[in-house]
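Worksheet: the structure to be examined is printed underneath.
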Amino acid sequence: MRLTREMLLVHLHAGGLAMASLVVVNLFVPSRFHWREEMPRLSLVNRQIFQVHTLFLVLTLGLFSALLLTCASALLEPTRLSRAVLTGLTIFWALRMLVQWCVYSSALWRGHRFNTVVHCAFSVLWIYLTSVFAAALWINLR
C-alpha cells in the first residue's frame, strides 16, 4: 500500500492530537509524582529552572499541536521551511525514543504493571510520531 498525501495529512493531524493529549497528561504529572512534596528539597534556583523548563516543554507541545492541527497541509508542501520543521520534529521524537530506552532506568517500570504499560505506550507513541514526521519528510523530499 502506497502512502498518499491524504493519509499523511490524517497522520499529521493525529500527531497534533497526540501532542495535545500530552499537554493534558502533563497537567496530572505533578500530583502523580508528588512534586509538591519533592520540590521543596531542591534549591530555589534548581526548583525554578525545573518549573520553567517544564512549562516551556508543555508550551512547545501545545504550539506544535496547534501547528499540526491547523497547518499540516503546509508541512507537505516542498518548501525549505516545511523540510526544516519536519527534520526537527523527526529528530526530536527519535531522540525522545532513545531517552525512553537509554536514560530512564528499567527499574522504574520493570515489575510494576502500570509503569510498564505506560512505558510501552509512550514507546509506541514516540515511534509513531517519529515515523509520521520521517514519512512526511520523505514525501516532501521526493
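Each residue of the stretch 20-33 was assigned a 3J(HN,Hα) from its phi angle through the Karplus expression (A = 6.51, B = -1.76, C = 1.60, θ = phi - 60°), giving 5, 5, 5, 4, 5, 4, 5, 5, 9, 4, x, 6, 4, 9 Hz with x at Gly and Pro.
Scanning the chain for chymotrypsin sites (Phe, Trp or Tyr not before Pro) in DSSP loops with at most 15 neighbouring Cβ atoms within 10 Å leaves 34-103 as the longest stretch between them. Per residue, the average separation of C-alpha pairs within less than 8 Å and at least 6 apart gives the chain a relative contact order of 34 percent. Kirkwood analysis of the chain, using all unique Cα-Cα pairs, places the hydrodynamic radius at 16.7 Å.
We did not get these values from a lab; they are worked out from the coordinates using the rules stated. Fair warning: this is a prediction, and the values are worked out from it, not measured in the lab. Because the Cβ atoms are built from the backbone with ideal geometry, glycine has one as well, and the counts that use them run over all protein chains shown.
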